[in-house]
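The values are calculated or read from the model by the stated rules, or taken from the named source; none is laboratory data. Remember, predicted model here, so these are calculated numbers, not experimental data. Cβ atoms come from the backbone with ideal geometry, glycine included; neighbour counts cover every protein chain shown. The protein model used for the area step is the full one, side chains on, heavy atoms only, and it has no ligands, DNA or RNA in it. Shrake-Rupley method; radii C 1.70, N 1.55, O 1.52, S 1.80 Å.
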Amino acid sequence: MKLNYKRTLLVGMAFFLISAFWQAYDAIIPLILTNHFGLPQTVSGAVMSIDNVLAVFLLPIFGAISDRVSTRFGKRTPFILFGSLIAMVSFICLTLIDNYQLSLLAANGIPTLSQGAMTEEAFAEMVQKMTVELTVSNPLPFIGFIATLLVVLLAMATFRSPAVALMPDVTVKPLRSKANAIINLTGTAGGILVLVLGMVFATSKNPYMQYTGYVAAVVSIMLAGLVIFLLSVKEKQWAKEMEDESLRLGLEEAPVADNSEKRRLSKGEMTSLLLILASVALWYIGYNSITSKYSVYATNVLKFDFNFTLIIAQAAAIVSYIPVGIIASKLGRRKTILAGILILATAFFIGNFITSSTPEGIMLPVFILAGIGWATINVNSFPMVVELARGGDVGKYTGYYYTASMSAQIVAPILSGLLYDLFTMRYVFFAFGTVFVALSFVTMFFVKHGDSKLLEKKDLLEQLDVD
């Protein structure tokens with residue numbers, strides 16, 4: 001029993017385009033809301049949580065629907081195709097509306113960064129006040145922006161669960177941590193490409209820049225990932241091969257005609273599932289509070305290019321994914337996740353002491369630690385949830401996972417944004433993330449189920465999955 005790395009990499013192209021989208025979305029949307037429409041951090045945080053509100057309701061629904069869909073292309077592929085195409089087109093339209101808002105700002109004499117407008121804090125506050133007044137006096141661009149944003153987010157919600165459920169559809173249970181490492185590796189590659197584009201387009205330099213060219217480049221990357229996926233992935237065939245392999249190895253029960261006959265979770269398994277989902281919610285509150293506003297914090301507080309530090313964190317995650325998957329197969333997913341929580345909480349704690357004058361040589365190891373910690377958690381948490389799934393319920397359990405993570409991401413930007421407005425970002429930003437990540441250690445500590453059945457391997461070459 002060996003993981004097919006090429007097949008897993010191709011399946012991961014769906015996650016590649018998802019990660020590319022969210023990297024761009026999280027980078028520019030907070031900047032647009034804050035700098036172009038003048039929204040305070042609390043309101044901006046509420047807007048940034050809309051995707052999570054929709055996801056709580058829609059991801060479980062579309063995950064469960066895709067479980068029951070049957071086409072000649074498979075269960076998940078139709079959702080991935082149509083959802084991603086609509087998201088790409090509407091994302092570009094979003095920037096066109098923003099360009100109109102920028103033209104109004106220019107007509108009203110809003111200074112640009114190149115004129116030195118943002119160097120003085122008092123002057124920056126005055127500019128924001130002027131921007132808010134313009135948005136209030138002419139709300140149509142903002143209304144159009146939010147309406148188009150909803151279309152983008154609805155399109156993404158239709159295919160996220162089906163795309164993620166595809167990995168366990170084609171991978172036997174003991175290999176899912178390794179497979180999830182490859183999937184995350186592929187997704188991280190998409191995120192890094194977008195971060196590089198951010199540096200090329202200088203998205204952190206000019207608060208009044210037009211993002212159409214940048215988003216068009218991002219959409220091109222997404223489209224390339226989609227084409228590779230459609231031409232390479234044979235979902236129906238690969239899923240059937242996985243089912244046969246699972247039955248042969250005794251890892252899965254034979255499918256039954258009546259879903260009511262499926263074995264239900266035991267009390268212990270249900271408790272573990274709830275504890276895993278609680279842990280997912282807690283570490284996502286901590287992590288998302290950082291990622292959803294990091295572009296604003298780095299630009300306005302630390303005064304440096306957020307793209308580079310994120311690339312460092314992403315690169316550390318890439319290096320970690322496969323080793324973490326191998327470690328989890330040795331030590332178990334739960335122990336590996338607990339180690340990852342400690343690493344991530346430590347990185348966030350150190351982040352409290354980073355200022356605009358912190359030397360780069362001290363700052364970069366912190367982001368490396370954060371990347372390693374998040375990779376360690378992320379590779380193993382989703383496989384723990386779908387490990388408890390029965391037969392054709394993978395999409396439904398994928399929905400459970402995203403209900404927990406997205407519910408957390410509703411809370412994170414709003415609660416953290418409120419605290420930022422009350423106490424300033426400088427003193428709350430990393431502290432908030434540290435506390436919630438640390439709390440997830442407590443809930444994960446009591447989990448008893450979700451580790452895969454370990455199958456003995458004969459020699460070192462087999463242990464490393466090398467032919």
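Quick one: angle between helix 176-200 and the longest Cα principal axis of the chain, in degrees between 0 and 90, rounded to 10, please.
20
For the chain, report the accessible area per residue in Å² (1.4 Å probe, heavy atoms, rounded to an integer). It would help to have the intermediate numbers written out before the result.
On the way: 19330 Å² over 467 residues.
Each residue of the chain exposes 41 Å² on average to a 1.4 Å probe.
Given a 1.4 angstrom probe, I'd like the percentage of the accessible area of the chain that is carbon and sulfur, rounded to a whole number. Intermediate values should be presented prior to the final figure.
Values: 13240 of 19330 Å².
Reported share for carbon and sulfur atoms: 69 percent.
Give me the one-decimal Kirkwood hydrodynamic radius in Å for the range 346-427, with the sum taken over alpha-carbon pairs.
Numbers: mean 1/r = 0.0639 Å⁻¹.
Computed over the range 346-427, the radius equals 15.7 Å.
Convex hull over the alpha-carbon atoms of the range 272-428: what's its volume per residue in Å³? The partial results should precede the final answer.
Details: hull volume 17.6 nm³, N = 157.
Spread over its residues, the Cα hull of the range 272-428 gives 112 Å³ apiece.
Could you point to the residue in T271, L58, A20 farthest towards the positive end of the chain's charge dipole, with +1 and -1 charges on the Cβ of Lys/Arg and Asp/Glu respectively?
T271
Which whole number of Å³ per residue matches the convex hull of the alpha-carbon atoms in the range 283-341? Provide the component values of the computation, followed by the final result.
Values: hull volume 4.7 nm³, N = 59.
Cα-based convex hull of the range 283-341, divided per residue, equals 80 Å³.
Rg/Rh for the range 2-91 to two decimals, with Rh computed the Kirkwood way over all alpha-carbon pairs.
Details: Rg = 16.7 Å, Rh = 15.6 Å.
That ratio equals 1.07.
In percent, what relative contact order does the chain have, based on Cα pairs under 8 Å that are 6 or more apart in sequence?
Numbers: 737 pairs, mean separation 134.7, N = 467.
Relative contact order, the chain: 29 percent.
With axes computed from alpha carbons, what is the tilt in degrees of helix 50-68 against the longest principal axis of the chain, rounded to the nearest 10 within 0 to 90?
Once rounded, the angle reads 30 degrees.
Kindly flag which residue pairs out of K267/K293; K129/K293; K2/K293 have an alpha-carbon separation exceeding 32 Å in this structure. Each step should come with its number before you reach the end.
Working: K267/K293 39 Å; K129/K293 20 Å; K2/K293 40 Å.
Cα-Cα > 32 Å for K267/K293; K2/K293; rest within.
Quick one: helix 394-423 against the long Cα principal axis of the chain, what's the angle to the nearest 10°, folded into 0 to 90?
On a 0 to 90 degree scale, this one is about 30.
For a protection proxy built on the mean count of beta-carbon atoms within 10 angstrom, sort 206-215, 288-297, 154-163, 37-46 highest first, please.
The peptides rank, most packed first, as 154-163, 288-297, 37-46, 206-215.
With a 1.4 Å probe and all protein chains in place, put R7, R390, R426, R72 in order of accessible area, largest first.
Working: R7 50, R390 30, R426 70, R72 190 Å².
Greatest to least solvent exposure: R72, R426, R7, R390.
Grab the alpha carbons of the range 44-88, take their convex hull, and tell me the volume per residue in Å³.
Working: hull volume 2.8 nm³, N = 45.
That works out to 61 Å³ per residue.
Kirkwood-based Rg over Rh for the chain (C-alpha set), two decimals?
Working: Rg = 22.3 Å, Rh = 22.8 Å.
That ratio is 0.98, to two decimals.
Which residue, chosen from P78, V47, I368, occupies the Cα position most advanced towards the positive end of the dipole of the chain, where the dipole is computed from +1 (Lys, Arg) and -1 (Asp, Glu) charges on Cβ about the Cα centre?
It is P78, whose Cα lies furthest towards the positive end.
Please state the Cα pair-distance histogram of the range 308-367 with 5 angstrom bins from zero: what percent is in each bin?
In order of increasing distance, the bins hold 4, 16, 21, 23, 16, 11, 6, 2, 0 percent.
Can you give the direction-averaged projected area of the convex hull of the alpha-carbon atoms in the range 343-382, in nm²?
Numbers: hull surface 11.1 nm².
About 2.8 nm², averaged over all directions.
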